[in-house]
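Here the structure is laid out as structure tokens; the discussion comes afterwards.
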Protein chains: 2
Amino acid sequence: MSLLALLAAVAASPEPVTLPAKALAPAEIVATAPAVDWLPIAATELLVMDLAPDAAGRPRRVVIQLLPAPFSQGWIGNIRKLAAAHWWDGTSINRAQDNYVVQWGDPDGEDKAKAKPLPAALIEVPQSEYVSANFYGNDGGVDDVIGFEIEAKTSRDPYAATTMFHGGFPVAGHFGSAWPIHCYGTVGVGRNEPPDTGSGAELYAVIGHAPRQLDRNIAVVGRVIEGMEHLSTLPRGTGDLGFYKTAPERTPIRAIRNGTDVPDLPAFEYLGTQSKSFARYADARANRRDVFYIQPAGGVDICNVPVPIRRRK
Amino acid sequence: MSLLALLAAVAASPEPVTLPAKALAPAEIVATAPAVDWLPIAATELLVMDLAPDAAGRPRRVVIQLLPAPFSQGWIGNIRKLAAAHWWDGTSINRAQDNYVVQWGDPDGEDKAKAKPLPAALIEVPQSEYVSANFYGNDGGVDDVIGFEIEAKTSRDPYAATTMFHGGFPVAGHFGSAWPIHCYGTVGVGRNEPPDTGSGAELYAVIGHAPRQLDRNIAVVGRVIEGMEHLSTLPRGTGDLGFYKTAPERTPIRAIRNGTDVPDLPAFEYLGTQSKSFARYADARANRRDVFYIQPAGGVDICNVPVPIRRRK
């Protein structure tokens, strides 16, 4: 269901709505959602990055959830191969640009003489894969888009005809096509100039306001679901585009593994984006009525409706 | 001029448009803008926060530009009095919540027995001041809104009928009213539950995706124009709402001063939001045609059009 349709459905609910004396804040709606509304995130969907410990010796683990089909599966296949080959071990975080991205991979990747060789099994993925051209005809896509209609006149997203959720991820749509959206915490594939689309060996995470101009121009492959603060608080690089000027400034990556290869990885779950709880949560994000607020916004952009994710009890 | 009207004006320009072989990136448009398009930011508009040096002994200075009239002038008057009284010296940054805000002031402000007394000259500002109700009839407002019309059908902002710039700041509008917008780097006034609106002694800066739900619910007073990385990289607090659990985790504030009281403060300037250069820049932010991009977005949200600001040569 599109974000707008979802909000409209709550507003037009035929059920008698009894607002509590104090309306619930979004976090309270999430905290009281029934267990059945929470869906498991399989370890096969996860990628785990262990950075070198911080200055105080504390571990820094970043957990990334990869996008579901039909999006970006070519790059995600490469990423799984790179993780299985332990290719990232000993690489580093090479860039931190304020209000934009943190980026990691081989610091010598641009230097052919010094670049770390990539596994031979990686595939080249074409630009056409930035968008799922037949999303609404794709079995992978229909679950979360029931009731979807192009509503260009009423949609309030500046970048697309509509926005919605698919498998718990924010996506944008336009005339039957759909593509993943860049929000805070989104992970994507660094690349050079087109037609290069990147292999997946160079990755970035968004640490600022949603850079939606990147949508359909770069491969989105997932999002950070735990440990985001280990990326967002990294010192900003002082070189062009926030690259670190010297090697000691780079944060070493000890290992990146597929979730299935990490024995001590906890289980995670997300609030199902088709659940009533999620609809109430999205409505509350668009119209804050809890006690702190005096003026509900009457709308919300999809990056301001972060999908609730937590460790499974 | 509204952001949409501005983009439409560039698209419909009667001048023959000769795109260079490689279209300019937004940063290139800014770098080549003529000097006349840059407007000075007076020292009277600035607030300067000096944090304790970082672990390596490097100074951490944050420069804040205060909002122009008619917005939030009651709180801004209080803030100038607090700075003149050196009230913040010895206070601290008490909160850092990932993808939300960093907040500073008296760490004991909620404890009546221990709270630092406020200067007697501060005024109480009512909630009505969150919005400028007669913006288009106000001499302070007309300069940047020439050609403004309510275009609810075509506006693509999820939170307001239209968005525009006023005196170099992003503002939203609706039927003759206008109010300042929360973007990355925006500075606002912390408060308790309404009808309290805060004095200005407790301030926050946005360090994540634009929390537009706060618009019209809290007083926006300015934005960080230099030193943002000293706030955005602070360790996140692990208490509720990102408050630090222990005093040693707080970053001390050495001083906050009005810009006119800082002898070594450089001069700043911003790219005038009525200039042709700014119109081209905003258009390029909405439609990236430089060599990295293959699919211009066709739109942009106002927080993704950060107003260029630099030190004046």
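Since every read-out is calculated from the coordinates, none of them should be taken as a lab result. Just so we're clear, the structure is a prediction, and the values are computed from it rather than from any experiment. Positions of Cβ are generated from backbone atoms using ideal geometry, with glycine treated the same way; all protein chains shown enter the neighbour counts.
Taking chain B as the reference, fit the longest principal axis to its C-alpha atoms, fit the long axis of helix B:276-286 to the helix C-alpha atoms, and give the angle between the two in degrees, 0 to 90, nearest 10.
The answer is roughly 80 degrees.
For a quick check: sort B:Thr246, B:Thr273 by the number of other beta carbons within 10 angstrom, fewest at the front.
Ordered by Cβ neighbours within 10 Å, fewest first: B:Thr246, B:Thr273.
So if I take the alpha carbon set of segment A:223-285, get Rg, then get Rh from the Kirkwood formula, what is the Rg over Rh ratio?
My calculation puts Rg/Rh at 1.14.
GNM on chain B, C-alpha springs below 10 Å: top fluctuator among B:Leu67, B:Leu234, B:Leu203?
B:Leu234
What is the angle, in °, between the Cα long axis of helix A:73-84 and the longest principal axis of the Cα atoms in chain A? Nearest 10 is fine, range 0 to 90.
With both axes taken from Cα atoms, the answer is about 50 degrees.
Residue by residue through segment B:117-127, which ³J(HN,Hα) values in whole Hz follow from phi under the Karplus form 6.51 cos²θ - 1.76 cosθ + 1.60 (θ = phi - 60°), with glycine and proline marked x?
Taking θ as phi minus 60°, the curve returns x, 8, x, 5, 6, 5, 9, 8, 10, x, 4 Hz for segment B:117-127.
Could you tell me which residue out of A:Thr163, A:Trp179, A:Leu271 lies farthest along the dipole of chain A toward its positive end? Charges go on the beta carbon: Lys and Arg +1, Asp and Glu -1, centred on the Cα centre.
Ranked along the dipole, the leading option is A:Leu271.
Could you calculate, for segment B:259-313, the ratio of the Cα radius of gyration to the Kirkwood radius, expressed as Rg to Rh?
1.15
List, largest first, the extents of the alpha carbons of the protein assembly as shown along their principal axes, each in whole Å.
Extents along the principal axes, in whole Å: 69, 59, 53.
For q = 0.10, 0.12, 0.16 Å⁻¹, what log10 I(q)/I(0) does segment B:167-299 give under the Debye formula with an equal point scatterer on each alpha carbon and no solvent?
Values, matching the q order: -0.49, -0.69, -1.13.
Can you give the net charge of the other residues whose Cβ lies under 10 Å from the Cβ of A:Pro306, counting K and R as +1 and D and E as -1?
Result for the local shell: +2.
How far apart, in nm, are the 7 Å Cα→Cβ label points at B:Ala267 and B:Leu39?
1.7
At what distance in nm do the modelled label points of B:Lys116 and A:Lys276 sit from each other, each positioned 7 Å from its Cα along Cα→Cβ?
Spacing of the two 7 Å Cα→Cβ label points: 5.0 nm.
Output needed for chain B: three equivalent-ellipsoid semi-axes, defined as square roots of 5 times the C-alpha gyration tensor eigenvalues, in descending order, whole Å.
Values: eigenvalues 239, 97, 68 Å².
Those come to 35, 22, 18 Å.
With an 8 Å Cα cut-off and a minimum separation of 6 or more residues, compute the relative contact order for chain B in percent.
30
Please report, for A:Ala42, the nm distances (one decimal) from its label point, 7 Å out from Cα along the beta-carbon direction, to the equivalent points in the remaining copies, shortest first.
With the label placed 7 Å along Cα→Cβ, A:Ala42 yields 6.4 nm.
With only Lys, Arg, Asp and Glu charged, each at its Cβ (+1 for the first two, -1 for the last two), find how big the charge dipole of chain B is about the Cα centre; round to the nearest 20 debye.
Once rounded to the nearest 20, the dipole reads 640 debye.
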